[in-house]
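The structure under discussion appears below in the form of structure tokens.
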Amino acid sequence: MKKIQLVILFITMISASIVAQDSSKKSKAGIKGGYNLSAVSFNGDSETEQLHGFHIGFYGESFIGNNVSLQLELLYSQQGYKIIDGSGTYKQELDYINLPLMVKLYPSENFFLETGPQIGLSIAHKETFDSGFILYDTSKEFDPRNFDWGLNFGGGFKTNSGVSLGVRYHLGLNDIYDEDKPKNRVWQFYIGFDF
């Protein structure tokens with residue numbers, strides 16, 4: 001775990017030091033949102049069923065070279081998971097405020113690849129169990145940790161007019177709970193608009 005924290009710190013420090021470099025492209029800000037498919041991985045062995053949700057927020061992109069930019073985002077994200085077995089369906093809904101810092105590489109004018117660290121703050125959660133006959137609200141039985149962090153990987157297409165279409169995968173590295181070491185796994189499909 002300490003190695004991963006050092007890698008994230010190293011990436012952040014390098015990114016911050018590069019920001020001072022000149023660039024021919026202008027900084028931009030915008031709004032983005034999209035669809036989430038989220039799950040958790042237990043003990044690194046198995047992954048739960050996916051839960052549907054959405055994310056929305058703001059971003060600021062600053063070019064640090066002709067083909068490289070840094071993008072800081074502030075996002076509200078619906079995450080969580082569900083487990084389906086013979087007794088019914090258990091669902092854990094987790095709401096986060098996430099702060100990703102993405103390094104974006106443009107191998108061509110409009111296509112980009114992105115990666116970077118993300119921290120998140122859990123702001124709400126709800127658990128339900130549906131046995132097929134009755135729906136139980138099991139709210140607050142499993143309190144998640146307030147803080148989450150991990151790494152993002154993705155890519156997409158950005159038009160010259162500032163419209164972005166992309167896909168991103170979040171690999172959570174912090175345990176949501178102490179028991180069974182569940183970690184967030186989130187696919188995000190998004191559209192963004194520069195202001």
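Do any strands (runs of 3 or more DSSP E) lying entirely in the range 80-195 carry at least 1 residues that are under 30 Å from Ser62 (Cβ atoms) and modelled with pLDDT of 95 or more, and which ones are they?
Counting at least 1 such residues, we get 88-105, 111-130, 147-158, 163-172, 183-194.
Can you find even one residue in the range 15-23 that is at pLDDT 90 or above, touching a strand residue (DSSP E or B) at 6+ places or on another chain (Cβ under 7 Å) and either farther than 23 Å from Tyr106 by Cβ or among the small types (Gly, Ala, Ser) (or both)?
no
Hey, could you check the range 151-166 for residues that are of a type outside the set (S, T, N, Q) and closer than 14 Å to Pro100 by Cα and say which is surrounded by the most Cβ atoms within 10 Å (Cβ to Cβ)?
Here the residue is Gly154.
Restricting attention to the range 62-79, which residues are more than 17 Å from the chain's Cα centre (by Cα) and either under 28 Å from Glu49 (Cα atoms) or part of a strand (DSSP E or B) (or both)?
Matches in the range 62-79: Ser62, Phe63, Val68, Ser69.
Quick check on my filter: what residues within the range 75-110 are under 21 Å from Leu151 (Cβ atoms) and surrounded by fewer than 14 Cβ atoms within 10 Å (Cβ to Cβ)?
Pro107
For Ser122, state whether it is of a type in the set (Gly, Ala, Ser) and either over 19 Å from Val40 (Cβ atoms) or in contact with a helix residue (DSSP H, G or I) (Cβ under 9 Å, 6 or more places away or on another chain) (or both). Write out each step before concluding.
Working: of a type in the set (Gly, Ala, Ser): yes; either over 19 Å from Val40 (Cβ atoms) or in contact with a helix residue (DSSP H, G or I) (Cβ under 9 Å, 6 or more places away or on another chain) (or both): no.
Answer is no for this residue.
Inspect all residues belonging to the range 82-97 and state whether any of them is touching a Pro at 6+ places or on another chain (Cβ under 9 Å), closer than 30 Å to Asp178 by Cα and in contact (Cβ under 8 Å) with a residue 12 or more places away in the chain.
So the first thing to find is which residues in the range 82-97 are touching a Pro at 6+ places or on another chain (Cβ under 9 Å), and the list is 92, 94.
Okay, now just the ones that are also closer than 30 Å to Asp178 by Cα, so 92, 94.
Now drop any that are not in contact (Cβ under 8 Å) with a residue 12 or more places away in the chain, which leaves 92, 94.
Yes, that holds for at least one residue.
Yes or no: the range 146-157 includes at least one residue that is under 23 Å from Gln50 (Cβ atoms) and among the polar types (S, T, N, Q).
Yes; the residues of the range 146-157 include at least one that is under 23 Å from Gln50 (Cβ atoms) and among the polar types (S, T, N, Q).
Considering only residues that are assigned to a strand (DSSP E or B) and over 19 Å from Tyr76 (Cβ atoms), look in the range 41-60 and name the one that is modelled with the lowest pLDDT.
First, pick out the residues of the range 41-60 that are assigned to a strand (DSSP E or B): 41-42, 46-47, 49, 51-60.
Those still in the list that are over 19 Å from Tyr76 (Cβ atoms) too: 41-42, 46-47, 49.
Working: Ser41: 91, Phe42: 84, Ser46: 76, Glu47: 82, Glu49: 90.
Among residues in the range 41-60 that are assigned to a strand (DSSP E or B) and over 19 Å from Tyr76 (Cβ atoms), the one modelled with the lowest pLDDT is Ser46.
The values are calculated or read from the model by the stated rules, or taken from the named source; none is laboratory data. Keep in mind that this is a model prediction, so the values were computed, not measured. Counting neighbours? That spans all protein chains shown, and the Cβs are built from the backbone with ideal geometry, glycine included.
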